[in-house]
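A.B. asks: Could you have a look at this structure, given as structure tokens, before my questions?
Here, each number is a calculation from the coordinates, and none is a lab measurement. Just so you know, these numbers come straight off a predicted model, no measurement behind them. Here the Cβ positions follow ideal geometry from the backbone for every residue, glycine too, while neighbour counts run over all protein chains shown.
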Amino acid sequence: MKSKIPQVKTSIFTIMSRLANEQNAINLSQGFPNFPCSPQLLSLVNKYVSKGYNQYAPMTGVPVLREKLSDKINSLYKYNPNATSEITITAGATQALFTAITAFIHEGDEVIVLEPCYDSYIPAIKLNGGIPIPIALESPQYSVPWDTVQAAISDKTRMIIINSPHNPTGAMLNPSDILALEKIVKKHQILVLSDEVYEHITFDGMPHHSILASEVLRPFSLVCFSFGKVLHATGWKLGYIVAEEGLSREFRKVHQFNVFSCNTPIQYAIAEFLDEKEYLSLPSFFEAKRNLLLDAIKSSRFSSIPSSGTYFQVLDYSAISEEGDFEFAQRITKEKKLASIPISSFYSNGKDDKTIRLCFAKTNETLERAAEILINI
């Protein structure tokens, strides 16, 4: 049998989480919280299940949820998308990303991808016959080299994928980045697929600059969000995508056939829970966890630039070992009982800067135990 994506192997997240389980190690590899979501939210889910909201939802999502999201977006980004025609509920952000790529990328189209990047982007491009054009972010700040991006654009360029706050590095786009992207899009009329799943997890008073706030970029953009990241419920696999009507129409042509509709009672529960605006407390909540981890490892031999957003922290171990990052991550999982993700796995060419990614969406007790291990490496 001939594979459509022969280069793709088992996900690094599967490999490291499996190893963590085998070694009974603290798992800071895969990006999920080890603490529960809101009891009030769970009660709302039970309420809607018990009341019989258990059949198919509309293909685009339940209306009340889309209306609440339109209001939320307007309050945050001063843009009021049409709840009926411009917001679609998805089975998580990864499905939204895949569906957007499938809807718009034709055989031979080029897609600019900024690396390191979330590992679903490039396989989705290749499965749809597209050609990924990877461009490395500039370390150690992981800033976007916009001159390089401009130089990479050809008459085959169809899309650029951006991600802010950025997984895996924790970097964030700033206003000058938005201006640079606006110039490129105005000049070349390419699509922007913006992964903004960590929109509410930003630190040190830094605001998230959503593509939805740009009048220049909105007509060319599809913007993906995640409820799992906001509600500490990644296993529910619910997200949404926002795009102007013409783009949404094309997106829904594919969405209706690869998902059709998403979990009905949870949509109603989230719609009601959004009134609590608990997401506004996420910056301080996760910043405290980031600070706890970084303060606790100050005496270690690791170096780092504090994450600006997401619940991930990159650590540089070059002062500790000459090992490749995959070997280093495996060794400390086996020997020290702490699992991480090697950053090289987020590059298509395996670029290895001797860095690992830790997830700090964990209880304080877990982070303190992890810090003790890191200090002794």
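A.B. asks: Choose one answer from 245, 110, 322: the residue with the largest mean-square fluctuation in a GNM of the chain with alpha-carbon springs under 10 Å.
C.D. replies: For the chain, modelled as a Gaussian network with Cα springs under 10 Å, the answer is 322.
A.B. asks: Right, next: Which value does Rg/Rh take for the chain over its C-alpha atoms, Rh per Kirkwood?
C.D. replies: 0.95
A.B. asks: Right, here's the next one. Any idea how far apart residue 8 and residue 46 come out in nm if each label point goes 7 Å out from Cα toward Cβ?
C.D. replies: 3.9 nm
A.B. asks: Which of 253, 337 has the fewest other C-beta atoms within 10 Å, and how do the rest follow up to the most?
C.D. replies: 253, 337
A.B. asks: As I understand it, the dipole of the chain uses +1 on the Cβ of Lys and Arg and -1 on the Cβ of Asp and Glu, about the Cα centre. Which of 56, 293, 178 lies farthest toward its positive end?
C.D. replies: 56
A.B. asks: Still on this structure, I have one more. Is the range 102-192 rounded, prolate or oblate when judged by the Cα gyration tensor, a ≥ b ≥ c being the square roots of its eigenvalues, rounded requiring a/c under 1.5 and prolate requiring a/b larger than b/c?
C.D. replies: oblate
A.B. asks: Now, a different point. What is the local net charge at residue 125, summed over the other residues whose Cβ is closer than 14 Å to its Cβ (Lys, Arg +1; Asp, Glu -1)?
C.D. replies: With Lys, Arg at +1 and Asp, Glu at -1, the neighbours total -2.
A.B. asks: Which order do the peptides 324-334, 88-98 come out in when sorted by mean C-beta neighbours inside 10 angstrom, highest first?
C.D. replies: 88-98, 324-334
A.B. asks: Once phi is turned into ³J(HN,Hα) by the Karplus curve 6.51 cos²θ - 1.76 cosθ + 1.60 with θ = phi - 60°, what whole-Hz value does each residue of the range 23-32 show in order, with x for glycine and proline?
C.D. replies: Per residue, the Karplus-derived 3J(HN,Hα) values read 9, 6, 9, 5, 9, 9, 8, 6, x, 9 Hz.
A.B. asks: GNM on the chain, C-alpha springs below 10 Å: top fluctuator among 317, 121, 56?
C.D. replies: 56
A.B. asks: Would you mind working out the magnitude of the charge dipole of the range 39-278 relative to its Cα centre, with +1 at each Lys and Arg C-beta and -1 at each Asp and Glu C-beta, to the nearest 20 Debye?
C.D. replies: My answer is approximately 600 debye.
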